[in-house]
Amino acid sequence: MQIIVNVNPRWGIGSENQLLVHIRADMRRFRSMTTDHTIIIGRKTLATFPNGKPLPNRENIIMTRDPAFSAEGAVVCRSEDELRNVLKERDPDAVFVCGGEQIYRQLLPYCSAAHITLSYTDAPADRFFPNLNLLPNWVLTEVGEKQYENGIGFRFLTYVNNDVRSL
């Protein structure tokens with residue numbers, strides 16, 4: 001599995017169930033990397049998608065502990081065991097963990113790479129991604145050029161996990 005996330009310099013990812021910034025280049029990258037693949041998201045992240053519906057042209061897996069939750073057009077998993085069973089026939093490189101905070105933290109040890117968009121914004125956050133620079137098994141392997149969109153600086157980073165666990 002891989003992770004894809006947009007963070008600010010303090011590793012903030014959201015505030016009040018919304019992204020901190022909207023950068024078209026980041027959204028294009030997200031779409032390009034995840035289309036025709038599997039994404040894993042939490043129930044609250046699904047609620048932030050257009051009309052609260054799964055994203056098209058992807059297999060959407062929703063993680064939730066809510067036994068009554070269902071989502072048309074998505075697979076719902078209520079545990080790591082259920083997720084493991086769903087993913088056993090999938091190419092792990094074609095599975096992307098896409099949030100939110102709790103799902104990122106839960107599945108981080110099972111991910112081989114993290115595709116980070118670092119957005120240079122001081123927008124306040126109430127949700128955070130783990131600071132990969134502080135985790136010894138995560139290594140920064142690629143740093144993209146700084147770009148700007150609507151006055152916001154950002155760059156694409158790639159980290160690799162040197163100690164991936166099996167789900």
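Please give the strands (runs of 3 or more DSSP E) falling wholly within the range 1-63 in which 3 or more residues are in contact with a strand residue (DSSP E or B) (Cβ under 8 Å, 6 or more places away or on another chain) and under 20 Å from Asp126 (Cβ atoms). Break it down into steps so the answer makes sense when it comes.
Details: elements: 2-7, 12-15, 38-42, 59-63.
In the range 1-63, the matching strands (runs of 3 or more DSSP E) lie at 2-7, 12-15.
Out of curiosity, is Leu46 buried (at least 17 other Cβ atoms within 10 Å of the Cβ), at pLDDT below 95 and among the aliphatic types (A, V, I, L, M)?
On the way: buried (at least 17 other Cβ atoms within 10 Å of the Cβ): yes; at pLDDT below 95: no; among the aliphatic types (A, V, I, L, M): yes.
No: the conditions fail for Leu46.
Can you report the number of residues in the range 21-48 which are of a type in the set (A, V, I, L, M), more than 14 Å from the chain's Cα centre (by Cα) and over 14 Å from Phe156 (Cα atoms)?
Applying the first criterion (of a type in the set (A, V, I, L, M)) to the range 21-48 yields 21, 23, 25, 27, 33, 39-41, 46-47.
Imposing the further condition that a residue be more than 14 Å from the chain's Cα centre (by Cα) reduces the set to 21, 23, 25, 47.
Going one step further and asking which of them are over 14 Å from Phe156 (Cα atoms), we end up with 21, 47.
The total comes to 2.
Mind listing whichever residues of the range 114-140 are without any contact (Cβ under 8 Å) to a residue 60 or more places away in the chain, within 18 Å of the chain's Cα centre (by Cα) and either assigned to a loop (DSSP other than H, G, I, E, B) or farther than 23 Å from Gly100 by Cα (or both)?
Leu135
For Ala74, are the conditions met, namely being touching a residue at least 60 places away in the same chain (Cβ under 8 Å), within 22 Å of Ala47 (Cα to Cα) and either among the small types (Gly, Ala, Ser) or surrounded by fewer than 19 Cβ atoms within 10 Å (Cβ to Cβ) (or both)?
Details: touching a residue at least 60 places away in the same chain (Cβ under 8 Å): no; within 22 Å of Ala47 (Cα to Cα): yes; either among the small types (Gly, Ala, Ser) or surrounded by fewer than 19 Cβ atoms within 10 Å (Cβ to Cβ) (or both): yes.
Considered against the rule, which asks whether it is touching a residue at least 60 places away in the same chain (Cβ under 8 Å), within 22 Å of Ala47 (Cα to Cα) and either among the small types (Gly, Ala, Ser) or surrounded by fewer than 19 Cβ atoms within 10 Å (Cβ to Cβ) (or both), Ala74 comes out as no.
Look through the range 49-71, keep the residues that are under 26 Å from Arg165 (Cβ atoms) and of a type in the set (S, T, N, Q), and return whichever of them is surrounded by the fewest Cβ atoms within 10 Å (Cβ to Cβ).
Thr64
Name the single residue that is farthest from Asn8 (Cα to Cα) among those in the range 99-113 being under 11 Å from the mean Cα position of the chain (by Cα) and assigned to a loop (DSSP other than H, G, I, E, B).
Looking at residues that are under 11 Å from the mean Cα position of the chain (by Cα) and assigned to a loop (DSSP other than H, G, I, E, B), I get Cys111.
Mind checking which residues of the range 79-98 are of a type in the set (A, V, I, L, M) and in a strand (DSSP E or B)?
Going residue by residue through the range 79-98, those that are of a type in the set (A, V, I, L, M) are 83, 86-87, 94-95, 97.
Within the range 79-98, Val95, Val97 qualify.
Do you know which residues across the range 37-58 are in contact (Cβ under 8 Å) with a residue 24 or more places away in the chain and of a type outside the set (A, V, I, L, M)? Write out each step before concluding.
First pass over the range 37-58, keeping only residues in contact (Cβ under 8 Å) with a residue 24 or more places away in the chain: 37-48, 58.
If the condition is that a residue be in contact (Cβ under 8 Å) with a residue 24 or more places away in the chain and of a type outside the set (A, V, I, L, M), then His37, Thr38, Gly42, Arg43, Lys44, Thr45, Thr48, Arg58 are the ones that fit.
Residues of the range 141-159 being among the hydrophobic types (A, V, I, L, M, F, W, C) and within 21 Å of Cys98 (Cβ to Cβ), which ones?
Within the range 141-159, the subset among the hydrophobic types (A, V, I, L, M, F, W, C) is 143, 152, 154, 156-157.
Of everything in the range 141-159, those that are among the hydrophobic types (A, V, I, L, M, F, W, C) and within 21 Å of Cys98 (Cβ to Cβ) turn out to be Ile152, Phe154, Phe156, Leu157.
For the range 81-107, give me each residue that is under 13 Å from Ile41 (Cα atoms) and surrounded by fewer than 20 Cβ atoms within 10 Å (Cβ to Cβ). Reasoning before the result, please.
The initial filter retains those residues of the range 81-107 that are under 13 Å from Ile41 (Cα atoms), namely 83, 95-107.
If the condition is that a residue be under 13 Å from Ile41 (Cα atoms) and surrounded by fewer than 20 Cβ atoms within 10 Å (Cβ to Cβ), then Gln102, Arg105, Gln106, Leu107 are the ones that fit.
Identify, please: which residue in the range 141-150 is assigned to a loop (DSSP other than H, G, I, E, B) and modelled with pLDDT of 95 or more and is, among those, surrounded by the fewest Cβ atoms within 10 Å (Cβ to Cβ)? Working first, answer last.
Initial filter on the range 141-150 (assigned to a loop (DSSP other than H, G, I, E, B)): 144-146, 150.
Imposing the further condition that a residue be modelled with pLDDT of 95 or more reduces the set to 144-146.
On the way: Gly144: 14, Glu145: 6, Lys146: 11.
Among those that are assigned to a loop (DSSP other than H, G, I, E, B) and modelled with pLDDT of 95 or more, it is Glu145.
With the requirement that a residue be free of Cβ contacts under 8 Å to residues at least 60 places away in the same chain and under 22 Å from Asn6 (Cβ atoms), what does the range 77-94 give you?
Residues of the range 77-94 that are free of Cβ contacts under 8 Å to residues at least 60 places away in the same chain, as a first pass: 77-79, 81-82, 85-86, 88-91, 94.
Answer for the range 77-94, where residues must be free of Cβ contacts under 8 Å to residues at least 60 places away in the same chain and under 22 Å from Asn6 (Cβ atoms): just Ala94.
Could you list, in sequence order, the residues of the range 126-157 that are aliphatic (A, V, I, L, M) and within 19 Å of Gln106 (Cβ to Cβ)? Break it down stepwise before answering.
Initially, the range 126-157 is screened for residues aliphatic (A, V, I, L, M), giving 132, 134-135, 139-140, 143, 152, 157.
Correct list: Leu132, Leu134, Leu135.
The values are calculated or read from the model by the stated rules, or taken from the named source; none is laboratory data. Owing to the predicted nature of the structure, the values given are computational and were not obtained by experimental measurement. All Cβ positions, glycine included, derive from the backbone under ideal geometry; neighbour counts span all protein chains shown.
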